[in-house]
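As structure tokens, the structure follows; a few thoughts come after it.
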Amino acid sequence: MTVREILHVGNPLLRERSRELTLDELARPATQQLIDDLIDTMHAANGAGIAAPQVGELVRIATIEVGDNPRYPYKPRIPLTVVVNPVIEPLDGELVEINEGCLSVPDMRGNVMRHVNVRVRWWDRDGAEHDEVRRGLTAGTFQHECDHLDGLLFLDRVHDTRSLTTWEQFERFHRAAFIERITEFVQRVGS
Ligand code: ZN
């Protein structure tokens with residue numbers, strides 16, 4: 001088990017565009033080790049996802065998993081998913097405002113608009129192709145991780161900077177209203 005150091009906002013590597021992998025590169029032991037490290041690092045930090053550039057590797061790989069997550073107790077579960085070279089395509093114009101945080105932006109949350117219905121194509125860690133639809137908060141999680149591969153952070157998408165809070169102040173002043181709204185949303189659209 002290898003937990004890697006997570007880069008924080010301000011590190012220029014988080015602002016780079018990561019490159020696609022070939023199937024040969026994906027099969028290499030070093031790449032498979034990186035995927036294991038991402039999973040270990042995501043678990044250790046209680047993240048809902050992590051992307052390779054967050055540990056300083058500029059390749060298009062991210063891991064996503066939501067179980068009983070203390071950072072995001074309202075998120076629908078997502079089984080462990082490794083996405084390589086993901087491509088996201090919105091299916092329509094429906095948007096939802098989601099309060100997000102990020103392992104690379106310590107102690108900060110803010111509201112961003114995300115597509116509710118997206119088609120995502122990716123390779124898994126074995127190079128098998130996936131072409132699936134993701135909805136709701138799960139779609140938002142995929143969009144957040146794919147943004148990292150293009151050098152974007154959720155901060156860039158915060159349309160009203162007055163929504164920025166520390167985690168403590170979110171709990172204190174904003175959590176209840178957000179949970180109420182997002183629970184209704186999750187029940188309506190599913191995940
Ligand atoms: Zn993030």
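One table, with the values for the structure above:
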quantity: Residue within region 86-97 that is of a type in the set (A, V, I, L, M, F, W, C) and within 16 Å of the ligand (Cβ to nearest atom) present; calculated: yes
quantity: Sole exception among (1) outside any loop (DSSP other than H, G, I, E, B); (2) on the phi > 0 side of the Ramachandran plot for residue 87, by number; calculated: (2)
quantity: Residues (without any contact (Cβ under 8 Å) to a residue 60 or more places away in the chain and either farther than 26 Å from residue 188 by Cα or not acidic (Asp, Glu) (or both)) located in region 84-101; calculated: 87, 88, 90, 91, 93, 95
quantity: Sole residue being surrounded by 13 or more Cβ atoms within 10 Å (Cβ to Cβ), basic (Lys, Arg) and more than 19 Å from residue 190 (Cβ to Cβ), chosen from 157, 162, 119; calculated: 157
quantity: Flag if residue 185 is within 13 Å of the ligand (Cβ to nearest atom), closer than 22 Å to residue 116 by Cβ, aromatic (Phe, Trp, Tyr) and in contact (Cβ under 8 Å) with a residue 24 or more places away in the chain; calculated: no
quantity: Scope region 3-30; condition within 29 Å of residue 155 (Cβ to Cβ) and either touching a strand residue (DSSP E or B) at 6+ places or on another chain (Cβ under 7 Å) or of a type in the set (S, T, N, Q) (or both); matching residues; calculated: 8, 9, 11, 18, 19, 20, 21
quantity: Where a residue in region 136-148 is closer than 15 Å to residue 104 by Cα and its partner, wherever it lies, is assigned to a helix (DSSP H, G or I) and not charged (D, E, K, R), with Cβ under 9 Å and at least six apart; calculated: 144/154; 147/154; 148/14; 148/52; 148/53; 148/54
quantity: Qualifying residue in region 114-130 (condition: within 16 Å of the ligand (Cβ to nearest atom), touching a residue at least 24 places away in the same chain (Cβ under 8 Å) and outside any helix (DSSP H, G or I)); calculated: yes
quantity: Residue list for region 146-163, restricted to those being in contact with a Lys or Arg (Cβ under 9 Å, 6 or more places away or on another chain), more than 10 Å from the ligand (Cβ to nearest atom), not in a helix (DSSP H, G or I) and not small (Gly, Ala, Ser); calculated: 150
quantity: Among residues of region 15-36, those that are out of contact with any Pro (no Cβ under 7 Å at 6 or more places or on another chain), farther than 23 Å from residue 139 by Cβ and within 16 Å of the ligand (Cβ to nearest atom), counted; calculated: 1
quantity: Number of the condition not met by residue 106 [criteria: (1) outside any helix (DSSP H, G or I); (2) in contact (Cβ under 8 Å) with a residue 12 or more places away in the chain; (3) within 16 Å of the ligand (Cβ to nearest atom); (4) under 22 Å from residue 59 (Cβ atoms)]; calculated: (4)
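Let's see how each residue does on (1) within 19 Å of the chain's Cα centre (by Cα); (2) of a type in the set (Phe, Trp, Tyr); (3) closer than 23 Å to residue 65 by Cβ:
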{"site": "154", "(1), (2), (3)": "yes, yes, yes"}
{"site": "159", "(1), (2), (3)": "yes, no, no"}
{"site": "177", "(1), (2), (3)": "no, no, no"}
{"site": "186", "(1), (2), (3)": "yes, no, yes"}
{"site": "190", "(1), (2), (3)": "yes, no, yes"}
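A short reminder: the numbers here are calculations on the coordinates, not readings from a lab. Computed from a prediction, not measured in an experiment: that's the story for all the values here. Every residue, glycine as well, gets a Cβ built from its backbone with ideal geometry; the counts of neighbours run over all protein chains shown.
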